[in-house]
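The values are calculated or read from the model by the stated rules, or taken from the named source; none is laboratory data. Just so it is clear, the structure is predicted and the values come from calculations on it, not from any experiment. Heads up, the Cβs are rebuilt from the backbone with ideal geometry, glycines too, and the neighbour counts pull from every protein chain shown.
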Amino acid sequence: MRIYFICTGNTCRSPMAAAILKSRNLPGVEVKSAGIYAISGQPMSANAQAALQKHHIDHDHISQPVNIEELQSSHLILTMTCGHKEALLQVYPQMADKTFTLKEYVLDRDEDVIDPFGGDLDTYLTTFEELNNLIDVLEKKLLEE
């Protein structure tokens with residue numbers, strides 16, 4: 001199964017979510033991330049890196065904009081916010097059947113993942129914990145399928 005996490009700039013939430021899920025080493029699960037408004041080649045934010053390092057999660061990330069080929073080859077597209085989902089589906093309505101917000105997919109709620117952008121390390125750690133908890137539920141769901 002190929003999972004594509006989407007956020008705004010692909011420097012905070014989606015790369016953290018991807019790194020967390022990759023660290024679970026689920027057989028047959030491939031993970032990528034991108035940003036609706038990402039600029040290619042940017043590093044993950046320093047505090048996102050620090051949050052992952054604090055939890056001993058490896059990461060190797062360079063930002064990427066959303067890519068039609070990745071969208072088409074993904075089985076599941078998970079956005080960090082309702083706004084990301086709406087923006088994505090305005091341009092790629094054909095992806096509607098496999099596009100959800102992360103919270104919609106795992107908790108059946110239309111809620112956004114907290115955006116840590118510009119915040120201090122504690123803000124990023126809060127977002128990390130939120131993502132980690134959501135990935136726990138996602139992992140269970142994937143293993144049940």
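If you check LEU142, LEU88, LEU52, LEU134, which single one turns out to be in contact with a His (Cβ under 6 Å, 6 or more places away or on another chain) and assigned to a helix (DSSP H, G or I)? I'd like the intermediate steps shown before the answer.
Working: LEU142 fails: in contact with a His (Cβ under 6 Å, 6 or more places away or on another chain); LEU88 fails: in contact with a His (Cβ under 6 Å, 6 or more places away or on another chain); LEU134 fails: in contact with a His (Cβ under 6 Å, 6 or more places away or on another chain).
Result: LEU52 is the single residue among LEU142, LEU88, LEU52, LEU134 that is in contact with a His (Cβ under 6 Å, 6 or more places away or on another chain) and assigned to a helix (DSSP H, G or I).
Close contacts from the range 1-16, counting a first residue that is in contact (Cβ under 8 Å) with a residue 12 or more places away in the chain and under 15 Å from PRO43 (Cα atoms) and a second that is outside any loop (DSSP other than H, G, I, E, B) and of a type in the set (Lys, Arg), with Cβ to Cβ under 6 Å and a gap of 6+ residues or different chains, come to CYS7/ARG13.
Picking from ALA17, ALA48, which residue would you name as being among the small types (Gly, Ala, Ser), more than 24 Å from LYS141 (Cβ to Cβ), touching a helix residue (DSSP H, G or I) at 6+ places or on another chain (Cβ under 6 Å) and surrounded by 19 or more Cβ atoms within 10 Å (Cβ to Cβ)? So that I can check it myself, show each step before the final result.
On the way: ALA17 fails: more than 24 Å from LYS141 (Cβ to Cβ).
Unique residue meeting the criteria: ALA48.
Residue count for the range 127-145 under the criterion of being in contact (Cβ under 8 Å) with a residue 12 or more places away in the chain and under 15 Å from the mean Cα position of the chain (by Cα): the result is 10.
Could you go through the range 57-69 and let me know if any residue there is at pLDDT 95 or above, within 23 Å of ASP136 (Cβ to Cβ) and of a type in the set (D, E, K, R). No; the residues of the range 57-69 include none that is at pLDDT 95 or above, within 23 Å of ASP136 (Cβ to Cβ) and of a type in the set (D, E, K, R).
Only one of these is farther than 23 Å from ARG2 by Cα and either of a type in the set (Lys, Arg) or surrounded by 12 or more Cβ atoms within 10 Å (Cβ to Cβ) (or both): THR79, THR126. Name it.
On the way: THR79 fails: farther than 23 Å from ARG2 by Cα.
Only one candidate passes the filter, namely THR126.
Give the residue, chosen from VAL106, VAL31, that is at negative phi, free of Cβ contacts under 8 Å to residues at least 40 places away in the same chain, assigned to a helix (DSSP H, G or I) and not charged (D, E, K, R). Criteria check complete, one pass: VAL106. Does ILE57 count as assigned to a loop (DSSP other than H, G, I, E, B) and closer than 21 Å to MET1 by Cβ? Answer is yes for this residue.
For GLY41, the requirement of being within 17 Å of LEU131 (Cβ to Cβ), touching a Ser or Thr at 6+ places or on another chain (Cβ under 9 Å) and in a loop (DSSP other than H, G, I, E, B) is not met.
Selection of the range 91-103 for residues being assigned to a helix (DSSP H, G or I), farther than 15 Å from ILE135 by Cβ and not aliphatic (A, V, I, L, M) yields PRO93, GLN94, ASP97, LYS98. Every condition in (1) farther than 22 Å from MET44 by Cβ; (2) surrounded by 13 or more Cβ atoms within 10 Å (Cβ to Cβ); (3) touching a Leu at 6+ places or on another chain (Cβ under 8 Å) holds for GLU104 except the one numbered (3).
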